Amino acid sequence: MILFINACVRENSRTLHLAKDYISYYNNNNEPVTEVELCSAGLYPLGRDTLEKRESHIAEGNFADEMFAQAHLLKQADRIIIAAPYWDYSFPSLIKVWIEQLCVMGLTFDYSSEGIPTSLCSLNELVYITTAGGYIPEKNFGYDYVCEVFTSFFGVKKCRCIKAEGLDIAGNDPEEIIKMTKREYRK
């Protein structure tokens, strides 16, 4: 199963357009695609009460609560595609809230006797798709963070970033930049 994470807030999101094109182009095997639209997924940051409740469930090995729904989806996925616009040198905050709900010891990862996270998932690939009005610097904090979490905790074997940048720079042709990005990943 392909898990498609839609972190695009704007109605006419260029990132979402690019991600949907990528999925339609690369899903030759017609794998089932489960889309999670983060804006309407009912996500909440972990606070004192929710953290205590979560820790209690984890200690009991009880992962039936709705608070573990995103982690269960992750466990079912072979591939994950994340559509996240480039905001403030990173990504929309919903991505961080979502990741907090994925990191569930005993469900999506565990620790070895040496204290190293070991995955309980079977993800082969993560594709991170983003667009930026300006240019993304060498340190891509959003992608780099997501790639590190997913390789360290969830055992992703391959991470890839697809980006269309400079879309709002005077003199640039955003439509041509998007077309060029599509040609690059279709090679």
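The values are calculated or read from the model by the stated rules, or taken from the named source; none is laboratory data. These numbers were taken from a predicted model, which means no experiment stands behind them. Positions of Cβ are backbone-derived with ideal geometry, glycine not excepted, and every protein chain shown enters the neighbour counts.
For segment 36-46, a tally of residues being free of Cβ contacts under 8 Å to residues at least 40 places away in the same chain and part of a loop (DSSP other than H, G, I, E, B) returns 1.
Please tell me if Ile81 is closer than 17 Å to Phe109 by Cβ, touching a residue at least 40 places away in the same chain (Cβ under 8 Å) and either of a type in the set (A, V, I, L, M) or not in a helix (DSSP H, G or I) (or both).
Values: closer than 17 Å to Phe109 by Cβ: no; touching a residue at least 40 places away in the same chain (Cβ under 8 Å): yes; either of a type in the set (A, V, I, L, M) or not in a helix (DSSP H, G or I) (or both): yes.
No; evaluated as a whole, the condition is false for this residue.
Okay, residues lined up against (1) free of Cβ contacts under 8 Å to residues at least 60 places away in the same chain; (2) under 14 Å from the mean Cα position of the chain (by Cα); (3) surrounded by fewer than 19 Cβ atoms within 10 Å (Cβ to Cβ); (4) within 18 Å of Asp78 (Cβ to Cβ):
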site: Ile5; (1), (2), (3), (4): no, yes, no, yes
site: Leu18; (1), (2), (3), (4): no, no, no, no
site: Asn28; (1), (2), (3), (4): yes, no, yes, yes
site: Thr34; (1), (2), (3), (4): yes, yes, yes, yes
site: Arg48; (1), (2), (3), (4): yes, no, yes, no
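All conditions in (1) closer than 24 Å to Ser40 by Cα; (2) at pLDDT below 95; (3) among the aliphatic types (A, V, I, L, M) hold for Ile116, with the sole exception of (1). Could you tell me whether Thr151 is touching a residue at least 60 places away in the same chain (Cβ under 8 Å) and crowded, with 16+ Cβ neighbours inside 10 Å? No: the conditions fail for Thr151.
Check segment 123-135 and report whether any residue there is within 30 Å of Arg54 (Cβ to Cβ) and surrounded by fewer than 20 Cβ atoms within 10 Å (Cβ to Cβ). Scanning segment 123-135, I find at least one residue that is within 30 Å of Arg54 (Cβ to Cβ) and surrounded by fewer than 20 Cβ atoms within 10 Å (Cβ to Cβ), so the answer is yes.
Quick one: how many residues across segment 55-76 are surrounded by 12 or more Cβ atoms within 10 Å (Cβ to Cβ) and either farther than 19 Å from Asp110 by Cβ or within 16 Å of the chain's Cα centre (by Cα) (or both)? The total comes to 8. Given the criteria in a loop (DSSP other than H, G, I, E, B) and within 23 Å of Gly155 (Cα to Cα), does Glu31 qualify? Taking the combined requirement at face value, the residue satisfies it. Look at segment 158-186: where a residue is assigned to a loop (DSSP other than H, G, I, E, B) and a partner is surrounded by 13 or more Cβ atoms within 10 Å (Cβ to Cβ) and among the small types (Gly, Ala, Ser), sitting 6+ places away or on another chain with Cβ atoms under 7 Å, you get Glu165/Ala132; Leu167/Ala132; Leu167/Gly133; Asp168/Gly133; Asn172/Gly166.
I want to confirm something. Restricting to segment 119-151 and keeping residues that are at pLDDT 95 or above and among the hydroxyl-bearing types (Ser, Thr, Tyr), which single residue is farthest from Tyr86 (Cα to Cα)? Step by step, filter segment 119-151, then rank; the result is Ser119.
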